[in-house]
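As C-alpha coordinates, the structure follows; a few thoughts come after it.
The values are calculated or read from the model by the stated rules, or taken from the named source; none is laboratory data. No experiment lies behind these values; they were computed from the predicted model shown. Reconstructed Cβ throughout: ideal geometry from the backbone, glycine too, with neighbour counts over all protein chains shown.
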Amino acid sequence: MEKITSALEGAEREITDQGKTKVTVNIYGEEYIIRGHAEPAVIEKIAAYVDRKMRLVGQKNPQLPLSKVAVWAALNIAEDLVKLHEDYDNLSKQLDEVKKLSSKDE
(Lines give C-alpha, C1' and ligand atoms only; values in the text may rest on other atoms or scores of the structure.)
Protein backbone atom coordinates (compact mmCIF):
# COMPACT_ATOMS: atom_id res chain seq x y z
CA MET A 1 0.00 0.00 0.00
CA GLU A 2 1.15 3.47 -0.84
CA LYS A 3 0.59 6.38 1.54
CA ILE A 4 0.53 9.92 0.25
CA THR A 5 0.36 13.14 2.24
CA SER A 6 -2.22 15.52 0.86
CA ALA A 7 -2.36 19.25 0.41
CA LEU A 8 -5.76 19.23 2.14
CA GLU A 9 -5.12 19.76 5.82
CA GLY A 10 -5.81 16.61 7.77
CA ALA A 11 -6.21 14.42 4.70
CA GLU A 12 -4.32 11.20 4.29
CA ARG A 13 -4.45 9.04 1.18
CA GLU A 14 -3.91 5.35 0.76
CA ILE A 15 -4.21 3.24 -2.38
CA THR A 16 -5.24 -0.28 -1.44
CA ASP A 17 -4.37 -3.50 -3.20
CA GLN A 18 -7.88 -3.68 -4.68
CA GLY A 19 -7.31 -0.42 -6.53
CA LYS A 20 -9.64 1.50 -4.26
CA THR A 21 -8.55 4.75 -2.77
CA LYS A 22 -8.81 5.33 0.96
CA VAL A 23 -8.73 8.99 1.94
CA THR A 24 -9.03 10.37 5.44
CA VAL A 25 -10.60 13.81 5.43
CA ASN A 26 -11.82 16.29 8.00
CA ILE A 27 -15.28 17.74 7.53
CA TYR A 28 -16.61 20.24 10.05
CA GLY A 29 -14.19 19.05 12.70
CA GLU A 30 -14.94 15.35 12.23
CA GLU A 31 -12.62 12.83 10.63
CA TYR A 32 -14.04 10.55 7.93
CA ILE A 33 -12.47 7.71 6.00
CA ILE A 34 -13.71 7.67 2.42
CA ARG A 35 -13.11 4.62 0.23
CA GLY A 36 -13.82 4.55 -3.47
CA HIS A 37 -12.52 4.41 -6.99
CA ALA A 38 -12.31 8.17 -7.48
CA GLU A 39 -8.96 9.89 -7.57
CA PRO A 40 -7.83 11.02 -4.11
CA ALA A 41 -7.73 14.65 -5.25
CA VAL A 42 -11.38 14.41 -6.32
CA ILE A 43 -12.44 12.94 -2.98
CA GLU A 44 -10.51 15.65 -1.16
CA LYS A 45 -12.06 18.37 -3.32
CA ILE A 46 -15.56 17.06 -2.59
CA ALA A 47 -14.82 16.85 1.14
CA ALA A 48 -13.46 20.40 1.13
CA TYR A 49 -16.61 21.60 -0.66
CA VAL A 50 -18.88 19.91 1.90
CA ASP A 51 -16.76 21.29 4.74
CA ARG A 52 -16.97 24.81 3.30
CA LYS A 53 -20.75 24.59 2.91
CA MET A 54 -21.18 23.29 6.46
CA ARG A 55 -18.94 26.01 7.86
CA LEU A 56 -20.93 28.70 6.05
CA VAL A 57 -24.17 27.37 7.54
CA GLY A 58 -22.59 26.99 10.98
CA GLN A 59 -21.19 30.52 10.94
CA LYS A 60 -24.55 32.02 10.03
CA ASN A 61 -26.43 29.85 12.55
CA PRO A 62 -24.07 28.96 15.40
CA GLN A 63 -26.91 27.62 17.56
CA LEU A 64 -27.79 24.83 15.11
CA PRO A 65 -26.90 21.26 16.06
CA LEU A 66 -24.60 19.32 13.75
CA SER A 67 -27.43 17.34 12.17
CA LYS A 68 -29.25 20.49 11.11
CA VAL A 69 -26.03 22.10 9.85
CA ALA A 70 -25.53 19.00 7.70
CA VAL A 71 -29.09 19.09 6.36
CA TRP A 72 -28.91 22.80 5.52
CA ALA A 73 -25.53 22.29 3.87
CA ALA A 74 -26.99 19.40 1.86
CA LEU A 75 -29.87 21.62 0.76
CA ASN A 76 -27.43 24.34 -0.31
CA ILE A 77 -25.36 21.79 -2.23
CA ALA A 78 -28.51 20.43 -3.88
CA GLU A 79 -29.48 23.97 -4.86
CA ASP A 80 -26.05 24.43 -6.46
CA LEU A 81 -26.53 21.19 -8.37
CA VAL A 82 -30.00 22.14 -9.60
CA LYS A 83 -28.68 25.52 -10.79
CA LEU A 84 -25.82 23.80 -12.62
CA HIS A 85 -28.27 21.43 -14.32
CA GLU A 86 -30.41 24.38 -15.39
CA ASP A 87 -27.34 26.21 -16.71
CA TYR A 88 -26.25 23.09 -18.57
CA ASP A 89 -29.69 22.65 -20.13
CA ASN A 90 -29.76 26.30 -21.21
CA LEU A 91 -26.27 26.11 -22.70
CA SER A 92 -27.13 22.86 -24.45
CA LYS A 93 -30.19 24.50 -26.03
CA GLN A 94 -28.12 27.49 -27.09
CA LEU A 95 -25.53 25.19 -28.64
CA ASP A 96 -28.26 23.35 -30.55
CA GLU A 97 -29.52 26.68 -31.88
CA VAL A 98 -26.03 27.69 -32.98
CA LYS A 99 -25.59 24.33 -34.72
CA LYS A 100 -28.92 24.77 -36.52
CA LEU A 101 -27.98 28.26 -37.65
CA SER A 102 -24.53 27.21 -38.81
CA SER A 103 -25.92 24.24 -40.76
CA LYS A 104 -28.31 26.60 -42.58
CA ASP A 105 -25.37 28.74 -43.65
CA GLU A 106 -23.60 25.80 -45.29
Filtering region 48-81 down to residues that are β-branched (Val, Ile, Thr) and either surrounded by fewer than 17 Cβ atoms within 10 Å (Cβ to Cβ) or modelled with pLDDT under 95 (or both) yields 71, 77
Residue pairs within 6 Å by beta carbon, gap of at least six or interchain, first lying in region 74-89 and assigned to a helix (DSSP H, G or I), second at pLDDT 95 or above and basic (Lys, Arg), listed first then second, are 76/53; 77/53
Filtering region 17-42 down to residues that are surrounded by fewer than 17 Cβ atoms within 10 Å (Cβ to Cβ) and assigned to a helix (DSSP H, G or I) yields 41, 42
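Given the criteria loosely packed, with under 10 Cβ neighbours inside 10 Å, assigned to a helix (DSSP H, G or I) and of a type outside the set (S, T, N, Q), does residue 45 qualify?
So residue 45 fails the test.
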Output for Cβ contacts, cut-off 7 Å, separation at least six or different chains, first residue closer than 15 Å to residue 71 by Cβ and free of Cβ contacts under 8 Å to residues at least 24 places away in the same chain in region 43-58, second among the β-branched types (Val, Ile, Thr) and part of a helix (DSSP H, G or I), reads 57/69
